[in-house]
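The block underneath contains the structure these notes are about, expressed in structure tokens.
Coordinate-derived values only; no laboratory data. Since the structure is predicted, the reported quantities are computational estimates derived from the model, not experimental observations.
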Amino acid sequence: MSYSILVADHQNLFRECLVELLKYRKPDLKILEAQTGTETLFVLSQFKPTILIINLGLPELNGFHIIKKLNKYHSETKVILLHNYVTREIIQISKKIGATAFVSKKAGLEMLFNTIAQVEVSNEFVCLEWFENKNIKTSLNTSCLEDLVFTIEDLSKNERNVLKLFCQGFSTKEVAELLHIKTKSVDNYKNRIGRKINISPDEYFLDWLRKNHEQLKLVV
């Protein structure tokens with residue numbers, strides 16, 4: 001496996017800037033790109049990069065799902081998870097699920113490059129912000145977040161798309177219009193999602209959505 005880095009991020013400006021900086025700072029390395037979870041898996045299978053830098057909120061399959069698949073195939077690729085903000089719970093579950101490092105985008109590119117340098121020489125989990133930022137928030141239920149990571153995995157691509165739109169605040173009618181399907185079809189998706197993620201029979205889908213909104217933003 002030749003030394004290479006894959007940058008997987010759907011935010012074009014950030015990805016393009018990072019790729020160009022990596023090429024400038026590490027001219028001898030092969031730098032790869034991907035914009036979706038599906039594309040990331042394809043590039044991983046074809047090139048087996050040394051390091052994967054991945055946005056936790058990647059479309060289709062997010063960062064947690066990609067790590068699970070890498071673990072399944074005993075991949076040697078080291079994974080640096082990126083997200084727009086940082087909490088203790090996200091750091092803890094990133095480490096538990098098998099990431100090599102975690103960096104919030106707000107920490108800046110220098111923090112990311114320092115993290116890459118640490119990951120290159122160590123197999124220990126790296127989160128430089130843990131030591132440098134004493135104000136990391138605690139705002140999520142770690143066990144709930146971990147449960148969602150594994151249960152969302154059972155959803156189909158269409159079910160995940162429906163759930164993501166609801167998480168963004170769209171109504172049943174709006175979701176139907178955006179996906180060009182009937183409202184009855186959206187209701188059917190909601191029922192299937194509810195069965196797969198074990199929403200209790202006496203709990204309404206939208207009530208469950210509101211209760212778990214913060215965690216869902218990370219894993220859908």
* Structure fact -> Rg from C-alpha atoms of region 4-132, normalised by the globular rule of thumb 2.2 N^0.38 Å, equals 0.94
* Quick one: P(r) of region 163-204 from all Cα-Cα pairs, 10 Å bins, percents rounded to integers, in order of increasing distance. => 29, 54, 17
* To do: Can you tell me the relative contact order of the chain? Whole percent, Cα pairs under 8 Å, sequence separation 6 or more.
  => 16
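With each run of n ≥ 4 DSSP H residues scored as -39500 (n - 2.57), what mean residue ellipticity at 222 nm is computed for the chain after dividing by its residue count and rounding to the nearest 500 deg cm²/dmol?
Details: 12 runs with 121 residues, N = 220.
The helix contribution divided over the chain gives -16000 deg cm²/dmol.
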* Structure fact -> Taking every alpha carbon pair in region 16-80 and sorting the distances into 10 angstrom bins from 0 up to the bin holding the longest one, the percent per bin comes out as 21, 55, 23, 1
* Structure fact -> Measuring from the longest principal axis of the C-alpha atoms of the chain, the long axis of helix 183-196 (C-alpha) lies at a number of degrees, nearest 10, equal to 70
* Can you list the HN-Hα couplings for region 81-96, worked out from phi with the Karplus curve (6.51, -1.76, 1.60; θ = phi - 60°), rounded to whole Hz and with x for Gly and Pro? -> 8, 10, 8, 6, 9, 10, 10, 4, 5, 5, 4, 5, 6, 4, 5, 5
* To do: Taking amide H positions as placed in the peptide plane 1.01 Å from N, state which residues far from Ser4 in sequence (5 or more) or on other chains have amide H under 5 Å from it.
  => Thr50, Ile51
* To do: Report P(r) for the chain: all Cα-Cα distances, bin width 5 Å, range 0 to the bin holding the largest distance, values in whole percent.
  => 1, 7, 15, 18, 18, 15, 11, 8, 5, 2, 0, 0
